[in-house]
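Let me begin by presenting the structure, written as C-alpha cells, before commenting on it.
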Amino acid sequence: MSDRNPNAIVADVDQKLLLGAQLLAVDDLVAVADGKQFRVLQLLGEGLTAEVYRARLVDGERQVALKVLKPNLAPEFRQSFMDEADTLSLLRAAERKADDGLTLIPEVIARPRAQDTPPVLVMELVESRSVLDLLEARGPLSEKTVLTIADQVLRVLHLLHTELRKSYTDFQLRNIRWQEDRQQIKLIDWNHVS
C-alpha cells in the first residue's frame with residue numbers, strides 16, 4: 001500500500017486533471033477536517049463536478065464514500081459542493097425528528113472545509129443499485145416496491161420542502177438507491193438543491 005503524505009495528494013490533483021486521470025488513486029491516503037484518514041479503495045463514479053470513491057477508515061474497518069470536488073471550477077460549483085454537506089446534515093436532523101425509523105438520507109461523516117483543495121465530503125457508503133439500474137436489469141418492478149419507493153421519495157422531498165424550504169433541482173432515478181434487504185431507499189447526490 002502507498003503511504004503517501006495526504007498533503008502530496010493535493011499537489012498531484014492539478015497534474016492529474018491535465019492528464020485526464022482520476023483525482024485520487026487506489027491506496028492514496030486522504031485526511032479530513034477532524035484528523036481522520038481514509039485509504040482510497042476504488043473509484044465509484046464521476047460527475048461533472050466531482051468524483052466519488054470507496055474508501056476505508058485507516059484505523060478501522062468502516063468503509064465510506066469520499067466525494068471529491070474537481071479543481072478549477074467556477075466558484076458557484078464550490079459553494080454548491082459545500083452546501084451539499086449542509087443540506088444532508090439538516091435533512092438527517094429533520095429525519096431523526098420525524099422518528100419513524102427510516103434513514104433515507106446518507107449520513108455525513110466529515111464535512112468539507114472551505115480551505116481544503118480539493119474539498120472532500122465523507123459520507124455513508126450506500127451499497128445498493130439505483131432504481132434506474134434495477135429497471136434496466138429487471139424490467140418493471142412490483143407494484144408494492146414502486147409504491148414503497150414513491151412513498152419514501154415523497155417523504156424526503158416533503159422534508160426538503162417543509163423543513164429546509166428548498167427544492168431538489170437535479171432529481172434523477174439514478175440518484176434513488178434501493179436497499180432491497182431493508183425495503184428502503186437512500187437518496188444520493190444532493191449538490192443541486194436550491
*Under 5 Å between amide H atoms, partner at least 5 residues away or on a different chain: which partners does residue 179 have, H built in plane at 1.01 Å?*
184, 185, 186
*In Hz, Karplus ³J(HN,Hα) per residue of the range 178-183 (6.51, -1.76, 1.60; θ = phi - 60°; x = Gly, Pro)*: 9, 9, 4, 5, 9, 6
*Indicate the gyration tensor shape class of the range 106-194 (rounded, prolate or oblate), computed on the Cα atoms with a ≥ b ≥ c the square roots of the eigenvalues: a/c under 1.5 is rounded; otherwise a/b larger than b/c is prolate and the rest oblate.*
prolate
*Carbon and sulfur together cover what percent of the accessible area of the chain at a 1.4 Å probe radius?*
52 percent
*Please calculate how many Å² of accessible area the chain carries per residue, with a 1.4 Å probe and no DNA, RNA or ligand atoms counted.*
53 Å²
_For Rg and Dmax of the Cα atoms in Å, pick the label among [x] 16.4, 52; [y] 18.6, 63; [z] 17.2, 51 that corresponds to the value derived from the coordinates._
[z]
*Any idea how far the Cα center of the range 97-126 sits from the one of the range 147-194, in Å?*
15 Å
*Would you pull out the residues with amide H under 5 Å of residue 193's amide H, same chain only if 5 or more places away, H placed 1.01 Å from N?*
169
_Please state the shape class of the range 54-126: rounded when a/c is under 1.5, otherwise prolate if a/b exceeds b/c and oblate if not, all from the C-alpha gyration tensor._
oblate
*Would you grab the residues whose amide H sits under 5 Å from the one on residue 37? Only those 5+ places off in sequence or on another chain, please, with H modelled 1.01 Å from N.*
58, 59
*For the range 154-194, rounded, prolate or oblate, judged on the Cα gyration tensor with a ≥ b ≥ c (square roots of eigenvalues), a/c < 1.5 rounded, else prolate if a/b > b/c?*
oblate
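For a protection proxy built on the mean count of beta-carbon atoms within 10 angstrom, sort 31-42, 158-169 highest first, please. Please report the intermediate quantities before stating the final value.
Details: 31-42: 16.2, 158-169: 13.9.
So the order, starting with the most tightly packed, is 31-42, 158-169.
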_Could you give each residue of the range 34-42 its phi-based ³J(HN,Hα) in whole Hz, using Karplus coefficients 6.51, -1.76, 1.60 with θ = phi - 60°, and x for Gly or Pro?_
8, x, 5, 10, 10, 9, 5, 9, 6
*Spin-label pair residue 93/residue 151, simplified geometry with 7 Å Cα→Cβ offset, distance in nm*: 2.9 nm
*For the range 48-54, take each phi angle, set θ = phi - 60°, evaluate the Karplus expression 6.51 cos²θ - 1.76 cosθ + 1.60, and give the result in whole Hz per residue in order, putting x for glycine and proline.*
5, 10, 8, 10, 10, 10, 7
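The values are calculated or read from the model by the stated rules, or taken from the named source; none is laboratory data. Values in this document were obtained by computation on a predicted structure and should not be read as measured data. Using ideal geometry, Cβ is built from the backbone for each residue, glycine included, and neighbour counts are taken over all protein chains shown. Protein only, heavy atoms only, side chains kept; ligands, DNA and RNA dropped before computing areas. Shrake-Rupley method; radii C 1.70, N 1.55, O 1.52, S 1.80 Å.
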